[in-house]
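Heads up: the structure comes next, in C-alpha coordinates.
The values are calculated or read from the model by the stated rules, or taken from the named source; none is laboratory data. Just so it is clear, the structure is predicted and the values come from calculations on it, not from any experiment. Please note: Cβ atoms are built from the backbone with ideal geometry, for glycine as well, and neighbour counts cover all protein chains shown. Just so you know, the surface numbers come from the protein's heavy atoms only, side chains and all, with ligands and any DNA or RNA stripped out. Shrake-Rupley method; radii C 1.70, N 1.55, O 1.52, S 1.80 Å.
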Amino acid sequence: MGSERMEMRKRQMSVQQETAAGGTGPAQQGQPGQANPRGSNACCFCWCCCCSCSWNEDREERNRKASHDVKEGTADCEESPTPTLDEVHTWGQSFDKLMGCPVGRAAFRLFLRTEFSEENMLFWMACEEFTKETNETAIEEKARVIYEDYISILSPKEVSLDSRVREVINKNMLEPSIHTFDDAQLQIYTLMQRDSYPRYMNSPAYRNLLKTLSEQSPES
(Lines give C-alpha, C1' and ligand atoms only; values in the text may rest on other atoms or scores of the structure.)
Protein backbone atom coordinates (compact mmCIF):
# COMPACT_ATOMS: atom_id res chain seq x y z
CA MET A 1 0.00 0.00 0.00
CA GLY A 2 2.79 2.41 0.93
CA SER A 3 4.65 1.89 -2.37
CA GLU A 4 1.44 2.43 -4.37
CA ARG A 5 0.77 5.77 -2.62
CA MET A 6 4.35 6.88 -3.25
CA GLU A 7 3.99 5.98 -6.91
CA MET A 8 0.73 7.98 -7.18
CA ARG A 9 2.32 11.03 -5.53
CA LYS A 10 5.24 10.85 -7.97
CA ARG A 11 2.82 10.79 -10.89
CA GLN A 12 0.87 13.76 -9.51
CA MET A 13 4.05 15.77 -9.01
CA SER A 14 5.17 14.89 -12.51
CA VAL A 15 1.87 16.12 -13.99
CA GLN A 16 2.06 19.36 -11.98
CA GLN A 17 5.61 20.02 -13.15
CA GLU A 18 4.63 19.45 -16.78
CA THR A 19 1.65 21.80 -16.41
CA ALA A 20 3.83 24.50 -14.83
CA ALA A 21 6.43 24.12 -17.53
CA GLY A 22 3.74 24.44 -20.21
CA GLY A 23 2.41 27.67 -18.64
CA THR A 24 5.80 29.38 -19.02
CA GLY A 25 6.66 27.93 -22.38
CA PRO A 26 7.42 29.90 -25.54
CA ALA A 27 3.78 29.94 -26.66
CA GLN A 28 2.87 31.97 -23.58
CA GLN A 29 5.74 34.41 -24.08
CA GLY A 30 4.48 35.79 -27.36
CA GLN A 31 6.98 34.31 -29.82
CA PRO A 32 6.72 35.64 -33.38
CA GLY A 33 4.10 33.78 -35.35
CA GLN A 34 2.29 32.62 -32.22
CA ALA A 35 -1.24 33.87 -31.59
CA ASN A 36 -1.90 35.53 -28.25
CA PRO A 37 -5.59 35.14 -27.42
CA ARG A 38 -5.49 37.65 -24.56
CA GLY A 39 -3.88 40.30 -26.68
CA SER A 40 -6.21 39.85 -29.62
CA ASN A 41 -8.56 42.67 -30.61
CA ALA A 42 -10.71 40.41 -32.72
CA CYS A 43 -14.34 41.45 -32.63
CA CYS A 44 -16.75 39.35 -30.64
CA PHE A 45 -20.44 38.94 -31.42
CA CYS A 46 -21.78 39.77 -27.99
CA TRP A 47 -23.44 42.66 -26.14
CA CYS A 48 -20.80 42.83 -23.43
CA CYS A 49 -18.05 45.42 -23.11
CA CYS A 50 -15.25 42.94 -22.47
CA CYS A 51 -13.50 43.38 -25.81
CA SER A 52 -11.96 46.37 -27.52
CA CYS A 53 -13.67 45.76 -30.84
CA SER A 54 -14.76 48.59 -33.11
CA TRP A 55 -18.45 47.81 -32.47
CA ASN A 56 -18.09 48.60 -28.78
CA GLU A 57 -16.09 51.74 -29.58
CA ASP A 58 -18.86 52.88 -31.93
CA ARG A 59 -21.47 52.05 -29.30
CA GLU A 60 -19.65 54.13 -26.71
CA GLU A 61 -19.45 57.01 -29.15
CA ARG A 62 -23.18 56.77 -29.88
CA ASN A 63 -24.00 56.77 -26.19
CA ARG A 64 -21.75 59.78 -25.66
CA LYS A 65 -23.48 61.70 -28.44
CA ALA A 66 -26.94 60.74 -27.20
CA SER A 67 -26.06 61.77 -23.66
CA HIS A 68 -24.73 65.09 -24.95
CA ASP A 69 -27.95 65.72 -26.89
CA VAL A 70 -30.08 65.01 -23.83
CA LYS A 71 -28.00 67.34 -21.66
CA GLU A 72 -28.34 70.10 -24.24
CA GLY A 73 -32.09 69.56 -24.38
CA THR A 74 -32.37 69.67 -20.61
CA ALA A 75 -30.43 72.92 -20.47
CA ASP A 76 -32.76 74.47 -23.05
CA CYS A 77 -35.71 73.36 -20.97
CA GLU A 78 -34.47 74.76 -17.69
CA GLU A 79 -33.08 78.00 -19.13
CA SER A 80 -36.06 78.86 -21.33
CA PRO A 81 -37.31 82.46 -21.14
CA THR A 82 -40.39 83.41 -19.15
CA PRO A 83 -43.51 83.17 -21.31
CA THR A 84 -45.87 86.06 -21.85
CA LEU A 85 -49.40 86.10 -20.47
CA ASP A 86 -50.84 85.80 -23.98
CA GLU A 87 -48.70 82.74 -24.67
CA VAL A 88 -49.83 80.99 -21.51
CA HIS A 89 -53.46 81.72 -22.37
CA THR A 90 -53.04 80.15 -25.81
CA TRP A 91 -51.65 76.96 -24.25
CA GLY A 92 -55.06 76.40 -22.71
CA GLN A 93 -56.79 76.62 -26.08
CA SER A 94 -55.34 73.42 -27.51
CA PHE A 95 -52.50 70.96 -27.14
CA ASP A 96 -51.31 71.81 -30.64
CA LYS A 97 -50.78 75.44 -29.64
CA LEU A 98 -48.90 74.38 -26.51
CA MET A 99 -46.59 72.11 -28.50
CA GLY A 100 -46.18 74.74 -31.21
CA CYS A 101 -44.69 77.17 -28.71
CA PRO A 102 -41.05 76.49 -27.67
CA VAL A 103 -41.60 78.05 -24.25
CA GLY A 104 -44.78 76.03 -23.87
CA ARG A 105 -42.97 72.79 -24.66
CA ALA A 106 -40.34 73.66 -22.08
CA ALA A 107 -42.93 74.36 -19.38
CA PHE A 108 -44.88 71.20 -20.24
CA ARG A 109 -41.69 69.17 -20.17
CA LEU A 110 -40.94 70.37 -16.64
CA PHE A 111 -44.41 69.21 -15.64
CA LEU A 112 -43.85 65.81 -17.27
CA ARG A 113 -40.65 65.49 -15.27
CA THR A 114 -42.64 65.76 -12.05
CA GLU A 115 -44.83 62.90 -13.31
CA PHE A 116 -41.81 60.81 -14.32
CA SER A 117 -42.87 60.79 -17.96
CA GLU A 118 -40.40 63.27 -19.41
CA GLU A 119 -39.18 60.59 -21.84
CA ASN A 120 -42.35 61.13 -23.89
CA MET A 121 -41.38 64.71 -24.66
CA LEU A 122 -37.72 63.78 -25.17
CA PHE A 123 -38.71 61.12 -27.68
CA TRP A 124 -41.08 63.44 -29.53
CA MET A 125 -38.42 66.16 -29.72
CA ALA A 126 -35.79 63.66 -30.90
CA CYS A 127 -38.14 62.54 -33.68
CA GLU A 128 -38.78 66.13 -34.72
CA GLU A 129 -35.04 66.73 -35.14
CA PHE A 130 -34.58 63.35 -36.79
CA THR A 131 -37.07 64.09 -39.57
CA LYS A 132 -34.99 67.14 -40.58
CA GLU A 133 -31.89 65.02 -41.27
CA THR A 134 -30.86 64.64 -44.92
CA ASN A 135 -27.58 62.71 -44.70
CA GLU A 136 -28.19 58.98 -45.18
CA THR A 137 -25.34 57.91 -42.91
CA ALA A 138 -26.51 60.27 -40.18
CA ILE A 139 -30.09 59.02 -40.58
CA GLU A 140 -29.03 55.43 -39.92
CA GLU A 141 -26.87 56.41 -36.95
CA LYS A 142 -29.48 58.66 -35.33
CA ALA A 143 -32.19 56.06 -35.89
CA ARG A 144 -30.20 53.54 -33.88
CA VAL A 145 -29.55 56.08 -31.12
CA ILE A 146 -33.28 56.86 -30.85
CA TYR A 147 -34.09 53.16 -30.88
CA GLU A 148 -31.61 52.39 -28.10
CA ASP A 149 -32.74 55.37 -26.02
CA TYR A 150 -36.51 55.18 -26.31
CA ILE A 151 -37.69 51.97 -28.03
CA SER A 152 -35.47 49.25 -26.58
CA ILE A 153 -37.01 47.40 -23.64
CA LEU A 154 -33.60 47.63 -21.95
CA SER A 155 -33.64 51.42 -21.88
CA PRO A 156 -34.66 53.25 -18.67
CA LYS A 157 -36.26 55.87 -20.96
CA GLU A 158 -38.40 53.42 -22.91
CA VAL A 159 -41.67 54.96 -24.09
CA SER A 160 -44.98 53.11 -24.01
CA LEU A 161 -45.90 51.80 -27.47
CA ASP A 162 -48.29 49.08 -28.55
CA SER A 163 -47.10 45.89 -30.23
CA ARG A 164 -48.23 46.97 -33.70
CA VAL A 165 -46.13 50.12 -33.65
CA ARG A 166 -43.14 48.26 -32.27
CA GLU A 167 -43.39 45.73 -35.08
CA VAL A 168 -43.48 48.55 -37.63
CA ILE A 169 -40.40 50.14 -36.11
CA ASN A 170 -38.49 46.86 -36.09
CA LYS A 171 -39.21 46.44 -39.80
CA ASN A 172 -38.27 50.04 -40.55
CA MET A 173 -34.96 49.64 -38.74
CA LEU A 174 -33.81 47.23 -41.44
CA GLU A 175 -33.55 50.26 -43.73
CA PRO A 176 -33.90 53.38 -41.59
CA SER A 177 -35.38 56.54 -43.06
CA ILE A 178 -36.71 59.82 -41.66
CA HIS A 179 -40.13 58.13 -41.46
CA THR A 180 -38.94 55.22 -39.29
CA PHE A 181 -40.60 56.55 -36.13
CA ASP A 182 -43.61 58.35 -37.63
CA ASP A 183 -46.21 55.99 -36.13
CA ALA A 184 -44.48 55.96 -32.74
CA GLN A 185 -44.17 59.74 -32.63
CA LEU A 186 -47.87 60.14 -33.40
CA GLN A 187 -48.83 57.61 -30.74
CA ILE A 188 -46.76 59.36 -28.06
CA TYR A 189 -48.11 62.76 -29.13
CA THR A 190 -51.66 61.43 -28.78
CA LEU A 191 -50.81 59.92 -25.40
CA MET A 192 -49.55 63.25 -24.07
CA GLN A 193 -52.56 65.06 -25.51
CA ARG A 194 -55.13 62.74 -23.95
CA ASP A 195 -53.37 61.94 -20.69
CA SER A 196 -50.82 64.51 -19.56
CA TYR A 197 -52.15 67.71 -21.15
CA PRO A 198 -55.47 67.83 -19.23
CA ARG A 199 -53.62 67.25 -15.97
CA TYR A 200 -51.16 70.03 -16.78
CA MET A 201 -54.01 72.46 -17.48
CA ASN A 202 -55.45 71.68 -14.02
CA SER A 203 -52.12 71.58 -12.23
CA PRO A 204 -50.82 74.13 -9.71
CA ALA A 205 -47.82 74.65 -12.02
CA TYR A 206 -49.96 76.02 -14.85
CA ARG A 207 -52.40 77.91 -12.64
CA ASN A 208 -49.66 79.54 -10.59
CA LEU A 209 -47.84 80.59 -13.75
CA LEU A 210 -51.01 82.09 -15.13
CA LYS A 211 -51.71 83.88 -11.85
CA THR A 212 -48.17 85.26 -11.55
CA LEU A 213 -48.16 86.64 -15.09
CA SER A 214 -51.64 88.12 -14.62
CA GLU A 215 -50.49 89.97 -11.51
CA GLN A 216 -47.42 91.26 -13.37
CA SER A 217 -49.43 92.44 -16.35
CA PRO A 218 -49.82 96.26 -16.64
CA GLU A 219 -53.52 95.82 -17.40
CA SER A 220 -54.06 94.23 -13.96
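Measuring against 31 Å, Cα to Cα, the residue pairs Lys97/Lys142; Lys142/Lys211; Lys97/Lys171; Lys97/Lys132 contain Lys142/Lys211; Lys97/Lys171 as the ones spanning a longer distance. Distance between the 7 Å Cα→Cβ label points at Leu174 and Thr212: 5.2 nm. Computed from label points 7 Å out along Cα-Cβ, the spacing between Ser203 and Ser152 is 2.9 nm.
The portion of the accessible surface of the range 99-220 made up by carbon and sulfur, rounded to a whole percent, is 53 (1.4 Å probe; DNA, RNA and ligands excluded). Rounded to the nearest 0.05, the FRET efficiency derived from the C-beta distance between Ser94 and Thr190 at R0 = 22 Å is 0.95. Coupling constants for the range 102-108 follow from the phi torsions by the Karplus curve (6.51 cos²θ - 1.76 cosθ + 1.60, θ = phi - 60°), and in residue order they are x, 5, x, 4, 5, 5, 5 Hz; glycine and proline get x. Between Leu110 and Glu167, the simple spin-label model (points 7 angstrom out along Cα→Cβ) gives 4.3 nm. Rounded to the nearest Hz, the phi-derived 3J(HN,Hα) couplings of the range 127-133 under the Karplus curve 6.51 cos²θ - 1.76 cosθ + 1.60 (θ = phi - 60°) are 5, 4, 5, 4, 5, 8, 6, where x marks glycine and proline.
Convex hull volume per residue, computed on the Cα atoms of the range 102-220, equals 113 Å³.
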